[in-house]
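Participant: Supplied in structure tokens, the structure appears directly below.
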Amino acid sequence: CTTLGISPEWLLSDEFASNGARPEIEMAQESATKYGLASESFIWVPRYDIRVSAGFGSILSSESIIDRYPFRNDSLERAGLNPKKIGYFEIQGDSMEDRLSDGDLVLADLAIDNIYHDGMYILRIEGEFFIKLIQRGLGDKFSLVSYNPVYKPVEVSQSVLADFAVIGEVVLEQHWRR
């Protein structure tokens, strides 16, 4: 703070918040104006600067928010999603073709941090991010499955992985026409 010439008290003050020092609020207000939406009816869902690999894995370059998309409050409530625990991620690669293509977006429920049932998940394995179908096996074993038949299922045991985390479960897919 001394390098920037500001005090810690100012950072925590209402003046800081009201003077445009919170980029996520500014970004949401800009998005509301851009889309012509009443902000009280919508939640602004962040799109993270993380590309999840539908292929050989991608390394996290940044967890920053690069955009926000409007989502109706009532839709999130009906789906049982916590608006503070969801985010959009871009797909990179071809292992999920014909269901997901390079450049598609997925909305993930970030409150899901374990594999409770078979489904599509965003995972971090050994420092790389993937999107895969998960088929649970016995104990801590599961299969990572791709839609593209070129990629064969991979059997995994959580106990042998040094770095494994469930980032979230995919709850919505957005496809772009090409």
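The values are calculated or read from the model by the stated rules, or taken from the named source; none is laboratory data. In this text, all values refer to a predicted model and were calculated from it rather than measured experimentally. So basically every Cβ, Gly included, is an ideal-geometry build from the backbone, and we count neighbours across all protein chains shown. Each accessible area value is taken on the protein alone, full model and side chains, heavy atoms only, with ligands, DNA and RNA left out. Shrake-Rupley method; radii C 1.70, N 1.55, O 1.52, S 1.80 Å.
Participant: With a 1.4 Å probe and all protein chains in place, put Val52, Val154 in order of accessible area, largest first.
Facilitator: Working: Val52 0, Val154 75 Å².
The ranking, largest first, comes out as Val154, Val52.
Participant: Share of the range 106-178's accessible area from carbon and sulfur, percent, 1.4 Å?
Facilitator: Numbers: 2270 of 4140 Å².
In the range 106-178, the share of accessible area belonging to carbon and sulfur is 55 percent.
Participant: Here is a further query. Where the Cα atoms of the range 116-156 are projected onto their three principal axes, how long is each span, largest first, in whole Å?
Facilitator: 26, 24, 15
Participant: Which three extents, in angstrom, do the Cα atoms of the range 97-178 have along their principal axes, listed largest first?
Facilitator: 41, 30, 23
Participant: Using a Förster distance of 25 angstrom, determine the FRET efficiency expected from the C-beta separation of Asp102 and Asp67, and round it to 0.05.
Facilitator: Values: r = 18 Å, r/R0 = 0.73.
So the FRET efficiency works out to roughly 0.85.
Participant: Relative to the present Cα-Cα distance, how much length would full extension add between Ala79 and Glu155 at 0.36 nm per residue of separation? Don't skip to the answer; put the middle values down first.
Facilitator: On the way: separation 76, 0.36 × 76 = 27.36 nm, distance 3.10 nm.
Length difference between fully extended and current span is 24.3 nm.
Participant: Right, something else. Using 0.36 nm per residue of separation minus the Cα-Cα distance, give me the extension gain between Ala165 and Ala111 in nm, one decimal. Can you show the working numbers first?
Facilitator: Values: separation 54, 0.36 × 54 = 19.44 nm, distance 1.24 nm.
Computed gain between Ala165 and Ala111 is 18.2 nm.
Participant: Same structure again: GluC sites (Glu not before Pro), restricted to the range 77-178: which are DSSP loop and have at most 12 other Cβ atoms within 10 Å? Intermediate results must be reported in sequence, preceding the final value.
Facilitator: Working: sites: Glu77, Glu90, Glu97, Glu126, Glu128, Glu155, Glu169, Glu173; in loops: Glu97, Glu126.
Passing sites in the range 77-178 are Glu126.
Participant: Please list 3J(HN,Hα) in residue order for the range 99-107, calculated via the Karplus relation 6.51 cos²θ - 1.76 cosθ + 1.60 where θ = phi - 60°; whole Hz, with x for glycine and proline.
Facilitator: 8, 10, 10, 3, x, 5, 10, 10, 9
Participant: For a quick check: with amide H placed at 1.01 Å from N, whose amide H comes under 5 Å from Asp67's, ignoring anything fewer than 5 positions away on the same chain?
Facilitator: Arg47
Participant: While we're looking at this one, here's another question. Over the range 61-178, what is the relative contact order in whole percent, taking alpha-carbon pairs under 8 Å and six or more residues apart?
Facilitator: Values: 211 pairs, mean separation 31.1, N = 118.
Relative CO of the range 61-178 lands at 26 percent.
Participant: Continuing with this model, one more query. Between Arg51 and residues 5 or more places away or on another chain, which pairs have amide H atoms under 5 Å apart, with H built 1.01 Å from N, and which residues are they?
Facilitator: Amide H neighbours of Arg51: Ser61.
Participant: In square angstrom, rounded to the nearest 10, how much accessible surface does Arg72 have for a 1.4 Å probe?
Facilitator: 120
Participant: I've got another one for you. List, in order, the whole-Hz ³J(HN,Hα) value for each residue of the range 158-168 obtained from phi through the Karplus relation with A = 6.51, B = -1.76, C = 1.60 and θ = phi - 60°; use x for Gly and Pro.
Facilitator: Karplus values, whole Hz, x for Gly and Pro: 4, 5, 9, 8, 6, 10, 9, 8, 8, 7, x.
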